[in-house]
Amino acid sequence: MLDIQKFIGTPKIVVDEIDATTSIFELQFLPNWFGHTLGNALRRAILWYSAWWAITWLKVNWASHEYHVIDWMKETVIDVMLNFKKLRFKVDENVEKIQWISQRFKWVWQYTAADLKLPSGIDIVNEDVYLLEISDASVEIVIEYRVEKGYGYYSIGFLRAREEKEDSQDMNTLLIDNDFKAVEYVRYSVEEVIDDFSWSSKDKLILEIKTISPVVSPQELLSFAWEVVASYAKLFIFDDVYIDKSLLVDYYDIAETADKMVEDMNIKTIPIDALPLSERTRNALIKNEVLYVEDLEKKRKSELLSMKWIWRKAVDEIIDSLENMWKSLEG
């Protein structure tokens, strides 16, 4: 980290779990413009390089091509392919990289991913995915499919070339392009925070991640993406190149510096004028003999509301101003 971090505070991550599949990660604070640098790198890594198991090959009895229509099945073959394409799997580490699975459908029923019979060590991630509906109990449909682990995007051209190279083409085989993603979306935004006590503004990075299932946690995807980014970044550290390490600082050194600053702040050193407050609110505090930021930190919200000339809107303004300085009211 750059030593500018000493001035803008120890970086920390605040995690807000919206629901079982969605989390918002707020990184406070970064040097100016670092928010976009890290946010964009993490977003792209999560979207394209999260390695999961998905289906890339399908075969349906009674069907010779993807445009085939089977009378006793509500969907066309291409609809079935698109439904199976959505499936994601979680597989034990000791299981081989490619798995062939066969499934029989013979009852009148609306089948979902939860109805699939999977081998030991393979679990479905998104069980609620709709697959197909059978309308005639006198027939049996057998679907064979290939589950494999990958990342990025496997196009039809790539899969076809691989099949030809391995000489593993089969009649009536339907190849399915796939991106292996287990995330619905990744959004990031950067807020610029102006600090009167820093010689430069700082960034707050906000990253929102939503996965396809509670089985896959946003934290898991974020950790994997950062490992990918960090491993490639290390390639550019050359042993024979001089690095001015006086500009760098360790995270724990920053934390110790921050702790010392907290101790030092016990002495009243910051006048109330330093807070980015409206003139009316600032004058109200001064009239109530709240002259230093340190005095304000010892006040409760109820105490402020009981003061003359200070209303609820003014208290909200005070709380926001203190948070920008990593401070807060008592209690």
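What the table shows:
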| quantity | calculated |
| --- | --- |
| Filter pass, Asp320 being modelled with pLDDT under 80, within 32 Å of the chain's Cα centre (by Cα) and either loosely packed, with under 13 Cβ neighbours inside 10 Å or assigned by TED's automatic domain parsing to the domain that holds Val193 (or both) | no |
| Region 1-13, subset under 18 Å from Met325 (Cα atoms) and part of a strand (DSSP E or B), residue modelled with the highest pLDDT | Ile13 |
| Residue in region 225-232 that is modelled with pLDDT under 80 and within 31 Å of the chain's Cα centre (by Cα) present | no |
| Residues within region 229-245 that are without any contact (Cβ under 8 Å) to a residue 12 or more places away in the chain and part of a helix (DSSP H, G or I), tallied | 8 |
| Qualifying positions in region 129-159 - of a type in the set (Val, Ile, Thr) and either outside the structural domain of Asp92 (by TED's automatic domain parsing) or out of contact with any strand residue (DSSP E or B) (no Cβ under 7 Å at 6 or more places or on another chain) (or both) | Val139 |
| Any hit, region 164-180, residues being aromatic (Phe, Trp, Tyr), under 20 Å from the mean Cα position of the chain (by Cα), modelled with pLDDT of 85 or more and part of a strand (DSSP E or B) | no |
| Number of positions in region 14-64 that are polar (S, T, N, Q), part of a loop (DSSP other than H, G, I, E, B) and farther than 16 Å from Ala230 by Cα | 4 |
| Test: residue in region 99-115 that is among the acidic types (Asp, Glu) and either surrounded by fewer than 13 Cβ atoms within 10 Å (Cβ to Cβ) or in contact (Cβ under 8 Å) with a residue 24 or more places away in the chain (or both) | no |
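The values are calculated or read from the model by the stated rules, or taken from the named source; none is laboratory data. Everything quoted here is computed from the prediction, not taken from an experiment. Here Cβ is always computed from backbone atoms with ideal geometry, including for glycine, and neighbour counts include all displayed protein chains.
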